[in-house]
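Below is one structure, written out as structure tokens, with a few remarks after it.
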Amino acid sequence: MARIVVIGAVARDEVIRLTGPLRAGGHLSGVADGIRLGGGGANTALALAAAGHAVRLLAAVGHDAGGDALLAELAAAGVDISAIVRLDQPTTHSLLCIDPDGERTVINLCRCEERDPPERLLDMPADLVYVRSRRADLAPLLTATARRGAQVVAHLPPSLPDSRPASILLASASDLSEQERRSLWALGRYVAGDEVRWVVMTEGAAGARAVNEQEQHRVAAESVQALDTTGAGDAFAAGLLHGLACGQALPEALAMAVRFGTESIRWTRSALPVVVVQRLLVPVARNT
Ligand SMILES: Nc1ncnc2c1ncn2[C@@H]1O[C@H](COP(=O)(O)OP(=O)(O)O)[C@@H](O)[C@H]1O
Ligand SMILES: [Mg+2]
């Protein structure tokens, strides 16, 4: 079991199931499918807690009923919520439009965000820190965290120079330009500086790849029927962090990550259900 701090959003995901494809300028029909727990930080934290790690989520929610409900659900699932602050803003709220192929489009309606960088990170003992935040002012905190012995894994964006001093960078191909996808290692050096060891890019149905100066690894995804691709990248990150926490080398952790990501699209949830995570862990137990 590792001590893992996840920095990222916890959100109310309001779901609309579209009856046809998403089309700009179109007149669409859909069915409201309720509100569920989501947000990139929460999705990864929940899967890691289900995998047996001591997970603390560093986030912010509002002083509203939505915030109360999210905190209660996270705590019941075993996520440490002591680093989640309450702010005088509405809780983060996103609209998820799921098309008939299971692909999701996210519309962020409001973001509950602290004004200043979360200095409390420096008081938290951690083996791994995962950053899923667009804040551009986290670099000094991440550098200090790495100096204290934690491995930092960060998701892009932002793709700003020296904004994410991390040993591993993650990005979704859908968030990168053609030029960034072609020169992933150069992008990693630009964003993370000298400390970067790997840049990992997820490619939806095609799986994922990892590169550094010397090596390239690709893992294909199993072909499955997508019910809901929400949180696939977050489940992928949980699989990668779990592999690293178990002492796996990156190529092995990459395979675990792809399995987590692909499993997540079979479920109409934003985060992987606990029993599903536990089933995914069985092959690791055999390897170790
Ligand atoms: N249609 C799909 N078929 C199989 N696996 C998928 C599919 N979409 C996503 N995945 C899995 O989830 C991982 C992350 O998905 P991706 O779509 O790249 O991230 P994001 O959620 O950031 O858009 C992929 O590496 C893959 O393992
Ligand atoms: Mg995707």
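The values are calculated or read from the model by the stated rules, or taken from the named source; none is laboratory data. Since the model is a prediction, treat every value here as computed from it, not as a measurement. Reconstructed Cβ throughout: ideal geometry from the backbone, glycine too, with neighbour counts over all protein chains shown. The accessibility values were calculated without ligands, DNA or RNA, using every heavy atom of the protein model including side chains. Shrake-Rupley method; radii C 1.70, N 1.55, O 1.52, S 1.80 Å.
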Return yes when V211 is surrounded by fewer than 20 Cβ atoms within 10 Å (Cβ to Cβ) and in contact with a strand residue (DSSP E or B) (Cβ under 7 Å, 6 or more places away or on another chain) and no when it is not.
yes
Which ones in region 1-21 are open to solvent by 80 Å² or more (accessible area, probe 1.4 Å) and either modelled with pLDDT under 95 or part of a loop (DSSP other than H, G, I, E, B) (or both)?
M1, T19, P21
Could you tell me which numbered condition V276 fails, if it satisfies all but one of (1) more than 16 Å from L170 (Cα to Cα); (2) within 16 Å of ligand 2 (Cβ to nearest atom); (3) open to solvent by less than 10 Å² (accessible area, probe 1.4 Å)?
(2)
Within region 219-252, which residues are without any contact (Cβ under 8 Å) to a residue 40 or more places away in the chain and within 13 Å of ligand 1 (Cβ to nearest atom)?
V219, A220, S223, A232
Scan (1) in contact with a Leu (Cβ under 6 Å, 6 or more places away or on another chain); (2) under 30 Å from G20 (Cβ atoms); (3) open to solvent by less than 30 Å² (accessible area, probe 1.4 Å) for the single condition P118 breaks and write down its number.
(2)
Near ligand 1 (Cβ under 8 Å from one of its atoms) and open to solvent by 20 Å² or more (accessible area, probe 1.4 Å), is that true of T202?
yes
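Every residue, every condition in (1) in a strand (DSSP E or B); (2) of a type in the set (K, R), yes or no:
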{"position": "R36", "(1), (2)": "yes, yes"}
{"position": "L58", "(1), (2)": "yes, no"}
{"position": "A75", "(1), (2)": "no, no"}
{"position": "V85", "(1), (2)": "yes, no"}
{"position": "Q89", "(1), (2)": "no, no"}
{"position": "L95", "(1), (2)": "yes, no"}
{"position": "D101", "(1), (2)": "no, no"}
Enumeration of residues in region 1-42 that are under 17 Å from the mean Cα position of the chain (by Cα) and of a type in the set (G, A, S)
G8, A9, A11, G38, G39, G40, G41, A42
Out of the residues in region 103-115 meeting the condition of being away from ligand 1 (no atom under 14 Å from the Cβ) and not in a strand (DSSP E or B), tell me which one is surrounded by the fewest Cβ atoms within 10 Å (Cβ to Cβ).
R115
Odd one out for E252 among (1) modelled with pLDDT under 95; (2) crowded, with 16+ Cβ neighbours inside 10 Å; (3) over 28 Å from A9 (Cβ atoms); (4) not polar (S, T, N, Q):
(1)
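Does at least one position in region 173-193 carry a residue that is within 9 Å of ligand 1 (Cβ to nearest atom) and open to solvent by less than 50 Å² (accessible area, probe 1.4 Å)? Write out each step before concluding.
Initial filter on region 173-193 (within 9 Å of ligand 1 (Cβ to nearest atom)): 173-175.
Going one step further and asking which of them are open to solvent by less than 50 Å² (accessible area, probe 1.4 Å), we end up with 173.
Yes - at least one qualifying residue is present in region 173-193.
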For region 233-256, give me each residue that is small (G, A, S) and more than 14 Å from ligand 2 (Cβ to nearest atom).
A238, G239, G243, A245, G247, A249, A253, A255
Only unsatisfied item for R218, checking (1) within 15 Å of ligand 2 (Cβ to nearest atom); (2) open to solvent by 40 Å² or more (accessible area, probe 1.4 Å); (3) in a strand (DSSP E or B), is (1)
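For every residue, the table says whether it meets (1) among the aromatic types (F, W, Y); (2) under 18 Å from the mean Cα position of the chain (by Cα); (3) away from ligand 2 (no atom under 16 Å from the Cβ).
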position	(1), (2), (3)
R120	no, no, yes
D127	no, yes, yes
A146	no, no, yes
H155	no, yes, no
P158	no, yes, yes
S167	no, yes, yes
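Out of everything in region 125-154 that is assigned to a strand (DSSP E or B) and either open to solvent by less than 10 Å² (accessible area, probe 1.4 Å) or in contact with a Gly (Cβ under 7 Å, 6 or more places away or on another chain) (or both), what residue ends up being farthest from A173 (Cα to Cα)?
Initial filter on region 125-154 (assigned to a strand (DSSP E or B)): 128-132, 151-154.
Cutting the leftovers down to either open to solvent by less than 10 Å² (accessible area, probe 1.4 Å) or in contact with a Gly (Cβ under 7 Å, 6 or more places away or on another chain) (or both) gives us 128-132, 152-154.
Details: L128: 24, V129: 22, Y130: 19, V131: 18, R132: 16, V152: 21, V153: 17, A154: 15 Å.
Checking each candidate, the answer is L128.
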